Amino acid sequence: MNLSEAKEVLASCGQEHLLRFYDQLNEEEQQSLLDQIAAVDFSVLEIAAKKSEEVRGKIEPLKEYCTLTETAAKKDKFESAGLDAIRHGRVAAVLLAGGQGTRLGSEHPKGMYNIGVNKDLYIFEMTIRNLMEVVKKAGVWVPLLIMTSTKNHEETTNFFEEKNYFGYDRDHVRFFIQDMAPSVDYNGKIYMEGKGKVSSSPNGNGGWFSSLMRSGLLEECKENGVEWLNVFAVDNVLQKMADPLFVGGTILSGCPSGSKVVAKAAPDEKVGVMCLEDGRPSIVEYYELTEDMMYEKNPDGSPAYHYGVILNYLFRISALEDIADQSMPLHIVEKKIPYMAEDGTLVKPEKPNGYKFETLILDMVHMMDGCFVFEVQRGREFAPVKNKTGVDSVESARALLLANGVEL
Ligand code: UTP
């Protein structure tokens, strides 16, 4: 993009101020700024403006789950179907590690966090260790695709190199970078982070599939015979990826997607909850659950909205391709956004001063034609690291790791 093209684009969406400091930049910085402008997804601003028109469908309790009891009865069938798919290279794991981990507040990518006590144990290391269990059982390497963002890509890839991929075969690991979305003030004007830097943040974990397609890695997966993608969050240190039981169960169910769920610890626990939306499986966010819904009961007396998602989904690639053209709901998050003021001073706000835009992977479930909802044991598979202390923290995850026999 050249200067006059940039001026034209910016004028069409009222963002001319992004070139305010252009004349004060050297040639290289000027080109970098033009490149950033070319990369900005301005369409989110229009979608955000129309946001108030969006309404949620009719939410009801979901009735069909594969419970722990059902899995125990079908264990052998599920496991052999899952191992068969893994051995034939039909399953790849996708690690979402593009987030900024603001709640944890570490300077480095969340996966680099050392959760060890008496020895080093990094979150990425735990991920690899958990995946290695399947590799050993299946006798094949599972392709691992790691999503980073421009903010943490270099540090993440260097870390894996430095740690020799924690023993994983590097030929089976690929990285791809997620797209960014602009951060704006309350009037929809994009902030500048510096004189030659547009303020942006990773566009949410829902951007993973479009970013995977753009990177060319989806084609590579398909050429290698991969049919299913198991997508999971970096911050659950007990996360089981490419779990043969889950993979087998989902494939045998005939559903194009699957989601692991756990029984909620309390009716008001802050997790997304499986439900039906207009008759299709969907996820209702904790803040969308009314008090009545939290305590609602099924006819048999069991809680109606009881199963929370743990960001471990399995998707059939062909089903993802079918929905690739559909736009995903845009979530607008209020944030503290550091910015450069008109006079060139840098401001670090004390309270939220604008919005960032995200799409969320959980919205993909509702876009699918069906979802196999698979209960797993909470104490064995759910140890999220969101905060330093308290709920879903380094402390609580350490306790859960110890309870599962992991030496720290
Ligand atoms: P969270 O929603 O917990 O966000 O991510 P976060 O950025 O890690 O942490 P906070 O909210 O700033 O404290 C859930 C998963 O989705 C990934 C994260 O890396 C984590 O694995 N994620 C999130 C992305 O890959 N990209 C994003 O843009 C956002």
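Of note:
- Every residue from segment 6-40 that is of a type in the set (A, V, I, L, M, F, W, C) and either free of Cβ contacts under 8 Å to residues at least 60 places away in the same chain or not in a helix (DSSP H, G or I) (or both): Ala6, Val9, Leu10, Ala11, Cys13, Leu19, Phe21, Leu25, Leu34, Ala38, Val40
- In segment 201-251, of all residues being open to solvent by 20 Å² or more (accessible area, probe 1.4 Å) and touching a Phe, Trp or Tyr at 6+ places or on another chain (Cβ under 9 Å), the one that is farthest from the ligand (Cβ to nearest atom) corresponds to Ile251.
- Cβ-Cβ under 6 Å pairs, at least 6 apart or on other chains, segment 247-262 side in contact (Cβ under 8 Å) with a residue 12 or more places away in the chain, far side basic (Lys, Arg): Pro256/Arg316; Val262/Arg378
- Among the residues examined, Glu161 does not qualify as assigned to a helix (DSSP H, G or I) and either under 30 Å from Leu45 (Cβ atoms) or open to solvent by less than 10 Å² (accessible area, probe 1.4 Å) (or both).
- Evaluating Leu96 against the criteria (1) in contact with a Leu (Cβ under 7 Å, 6 or more places away or on another chain); (2) within 16 Å of the ligand (Cβ to nearest atom) leaves one unmet condition, (1).
- Some residue of segment 70-88 being modelled with pLDDT under 95, surrounded by 13 or more Cβ atoms within 10 Å (Cβ to Cβ) and aliphatic (A, V, I, L, M): no
- Hits in segment 373-407 (condition: within 24 Å of Ser259 (Cβ to Cβ), open to solvent by 20 Å² or more (accessible area, probe 1.4 Å) and either among the hydroxyl-bearing types (Ser, Thr, Tyr) or over 19 Å from the mean Cα position of the chain (by Cα) (or both)): Glu375, Gln377, Arg378, Gly379, Arg380, Val391, Ser396, Leu400, Asn404
- Selection count, segment 193-235, where residues are in a strand (DSSP E or B) and within 24 Å of Leu362 (Cα to Cα): 9
- Which numbered condition Glu125 fails, given (1) open to solvent by 10 Å² or more (accessible area, probe 1.4 Å); (2) within 15 Å of the ligand (Cβ to nearest atom); (3) within 18 Å of Thr156 (Cβ to Cβ): (2)
- Among the candidates Met274, Met328, Met241, residue that is touching a Gly at 6+ places or on another chain (Cβ under 8 Å), in a loop (DSSP other than H, G, I, E, B), touching a residue at least 24 places away in the same chain (Cβ under 8 Å) and not β-branched (Val, Ile, Thr): Met328
The values are calculated or read from the model by the stated rules, or taken from the named source; none is laboratory data. This one's a predicted model, so the numbers in the text were calculated from it and none came from an experiment. FYI the Cβ positions are ideal-geometry reconstructions off the backbone, even for glycines, and counts take in every protein chain you see. Just the protein is used for accessible areas: all its heavy atoms, side chains included, with ligands, DNA and RNA removed. Shrake-Rupley method; radii C 1.70, N 1.55, O 1.52, S 1.80 Å.
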